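See below for the structure under consideration.
Every number here is computed from the coordinates shown, using simple stated rules; none is lab data. If you're wondering where the values come from, they're calculated on a predicted model, not measured in any experiment.
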């Protein structure tokens with residue numbers, strides 16, 4: 001049975017970079033929809049600053065109590081993060097399950113984590129969220145395992161005390177360090193093969209997975225929703241000049257993404273630090289595209305990756321009828337490429353831009369391959385780009401773009417003859 005929820009959008013006048021009520025409400029509705037919860041109503045609460053005990057005023061809390069009983073909701077969802085004290089006090093007043101923004105995000109993460117690594121990262125983030133909110137075995141623990149804000153490790157928490165949670169957190173951190181080490185080894189192997197790393201970044205639901213599928217036929221699961229990609233995926237991508245690079249998708253970012261969530265997902269986001277190039281995918285059709293851009297830049301700053309070379313991509317241009325709006329975006333985001341990943345529009349331009357922004361690793365050669373070593377021709381086709389071929393008496397003469405490291409290895413075998 002689908003849960004019903006009442007949304008509470010808090011407009012804090014003292015908050016920096018405030019979003020309009022409707023934009024905050026829309027994003028929270030999208031989060032709630034992704035969790036599979038029905039929204040019965042959205043209530044606005046304007047405050048200069050939060051109160052220590054309830055975050056909102058007592059009168060507003062009583063109003064929410066009446067509304068939640070009238071609508072017979074299962075949960076009341078807040079647009080801001082609540083302290084443990086605020087959450088407990090609100091539950092006492094409203095007599096309903098109280099869910100804050102971070103719990104919503106964690107709930108979606110738990111829904112979409114498929115790999116062991118992803119599940120570990122979600123559990124770590126959930127335990128770190130839960131730890132300061134533990135008070136004996138109160139309502140926060142007793143309700144785990146049932147509905148929104150409770151997915152993930154589940155009922156095992158019923159009997160876990162602070163000491164055991166700390167031990168579990170340390171164990172998860174140790175396991176994730178091993179994941180980081182494993183990824184480091186993989187990246188070293190890529191570098192040994194002279195493979196460049198290109199990473200897709202962007203606000204959640206900007207279309208990164210669709211673009212990965214469009215460029216590589218990755219078959220990544222895609223649907224309209226927030227944080228549909230949690231586990232990173234890397235695929236081989238061949239550029240127009242024949243060079244092979246590794247293209248990686250990453251978890252989507254969000255405005256005011258809690259710092260501890262970034263910390264928990266560092267094993268995944270480490271890909272950003274070693275990338276030679278970032279491709280920032282923006283949903284050009286979204287009214288808050290500028291704020292999305294700023295949110296992603298802030299996460300990059302927190303990760304120490306803000307100085308990486310970046311290509312800006314204006315995705316979903318198929319949804320834009322206003323040419324003035326598109327022209328404004330292209331003017332404000334200098335050098336940005338307008339594409340439609342869904343319909344494969346202008347993706348060829350993007351491939352050439354990626355190629356242009358990477359350090360050249362390809363060399364042009366004219367060589368002759370002897371007929372008794374024809375198996376080498378497959379290597380040239382696979383690892384490079386053959387521009388021309390000519391059959392001669394002693395072998396096949398080819399003109400080819402090939403990575404230097406591959407060519408040097410073939411040259412050592414003395415199975416090829418350099419013409420130029």
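Here segment 4-99 is treated as a sphere whose radius is the Kirkwood value from Cα pairs; by Stokes-Einstein at 10 °C and 1.306 mPa s it diffuses with a coefficient of 118 µm²/s. Of all the options 43, 77, 337, the one that moves most in a Gaussian network model of the chain with Cα springs shorter than 10 angstrom is 43. Note on segment 248-302: along the principal axes its Cα atoms extend 32, 26, 16 Å, ordered by decreasing extent.
Taking the alpha-carbon centroid of each part, what is the distance from segment 1-63 to segment 267-345 in angstrom? When both Cα centres are located, 28 Å separates them. Quarter the surface of the alpha carbon convex hull of segment 362-418 and you get the mean projected area, 3.3 square nanometres.
Among the listed options (1) 83, 62, 37; (2) 92, 54, 38; (3) 85, 54, 46, the one matching Cα extents along the principal axes in Å as calculated from these coordinates is (2). Counted over the chain, the DSSP beta bridges are approximately 45% antiparallel.
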